[in-house]
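I have a structure here, written as structure tokens, and I will follow up with some questions on it.
The values are calculated or read from the model by the stated rules, or taken from the named source; none is laboratory data. Quick caveat, the model's predicted, so the values are computed rather than measured. Cβ coordinates were reconstructed from backbone atoms using ideal geometry, including for glycine residues, and neighbour counts include every protein chain displayed.
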Amino acid sequence: MDDTTELARPADATAMPTRGAPSWPAPSPTRRPPDREPVTGYILSVVPQRNPEETQRRLLETAEREFARHGFAGARVARVARAAGANQRMVYHYFVSKQGMYEAVLRHVAEELDNQMLPVFTAHADRDPVAAYEATMRAYFRIAGRHPTWARLMMQESLDSFRTLNRVTAGPDHRFAPVVLPAIQRAQADGRFRDGLTPLLGFGLAAMLSVMYPLWRPRLVQGAERLNIQVPDQDAAFLDGLLSIVLDGVRPAPAAVTPPPAPQVR
């Protein structure tokens, strides 16, 4: 080859290897990565699913204790949320405000009373209104005994003339009074209850003393000991005594017996 011979120039001049440089190896075929053993020893964390009903139930129960212990003014939303294991914003999600939470607690108390006492009352009301009256007072006493917080709630409501309680139980959801009052009127019409407000006052007295009994129980037990009265079951004795007082007061007074005239001495 002489100097006039023209070398063919590649399209890419930079791809031309320089003299003395090693040639690039041919690309190797694609290799699959080696199979790896599965990773073990790790625990996958499972995010718990939300249960709105359970969260709301815990908040209500905690709020009931909070309001009973500290009153409305002293209750704290943050304390309720922390004790219920919930985020504080969930309180406002479910109840909007502290006032809304308080009203929900009172509404829950009223609904629980209705749900447990109505079946007891209606089971006897058609056949025997007096038996329904007594059975319902017994049920009220047992229900209130399971909820010692109610006494404090009702005391606080009484200082405010039951304004909030009357508002939350004034609607159609309050089912107990529309059933009890007609039964009392039937018993009055049959002559088995006294006329006037006496039967209603008797029921209110029994309800009030039933709610207050958990607070007064230690004093009543202490009084019985000072009087040397041995009572095996204090709760049953108090309930029987309470019902005896109320039922004797609402039943018609026995007719006065006119004594025979005294013989005249001549």
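Condition check ((1) touching a helix residue (DSSP H, G or I) at 6+ places or on another chain (Cβ under 8 Å); (2) crowded, with 16+ Cβ neighbours inside 10 Å; (3) under 21 Å from Y102 (Cβ atoms); (4) aliphatic (A, V, I, L, M)) across all residues:
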| position | (1), (2), (3), (4) |
| --- | --- |
| E157 | yes, yes, yes, no |
| A170 | no, no, yes, yes |
| P178 | no, no, no, no |
| I184 | yes, yes, no, yes |
| D195 | yes, no, no, no |
| G204 | no, no, no, no |
| Q222 | no, no, no, no |
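Still on this structure, please answer the following. List the number of the failed condition for G191; all other conditions in (1) surrounded by 13 or more Cβ atoms within 10 Å (Cβ to Cβ); (2) farther than 24 Å from G74 by Cβ; (3) modelled with pLDDT of 90 or more hold.
Among (1) surrounded by 13 or more Cβ atoms within 10 Å (Cβ to Cβ); (2) farther than 24 Å from G74 by Cβ; (3) modelled with pLDDT of 90 or more, the lone unmet condition for G191 is (1).
Across the range 139-180, which residue is farthest from the chain's Cα centre (by Cα) among those that are among the acidic types (D, E) and either in a helix (DSSP H, G or I) or more than 16 Å from H108 (Cβ to Cβ) (or both)? Even if it seems obvious, please write down each step before you answer.
Residues of the range 139-180 among the acidic types (D, E): 157, 160, 173.
If we keep only those that are either in a helix (DSSP H, G or I) or more than 16 Å from H108 (Cβ to Cβ) (or both) as well, we get 157, 160.
Working: E157: 18, D160: 22 Å.
For the range 139-180, the residue satisfying everything is D160.
In addition: Scan the range 104-146 for residues that are touching a residue at least 24 places away in the same chain (Cβ under 8 Å), within 21 Å of F67 (Cα to Cα) and among the charged types (D, E, K, R) and jot them down. Reasoning before the result, please.
Taking the range 104-146 as the starting set, the residues that turn out to be touching a residue at least 24 places away in the same chain (Cβ under 8 Å) are 104-114, 116-118, 121-122, 125, 129-130, 132-134, 136-138, 140-141, 143-145.
Restricting the remaining residues to those that are within 21 Å of F67 (Cα to Cα) gives 104-113, 143-145.
R107, E111, E112, listed by residue number.
Take the residues in the range 133-150 that are more than 15 Å from P119 (Cα to Cα) and small (G, A, S), then tell me which one is surrounded by the most Cβ atoms within 10 Å (Cβ to Cβ).
Only one residue tops the list, namely A144.
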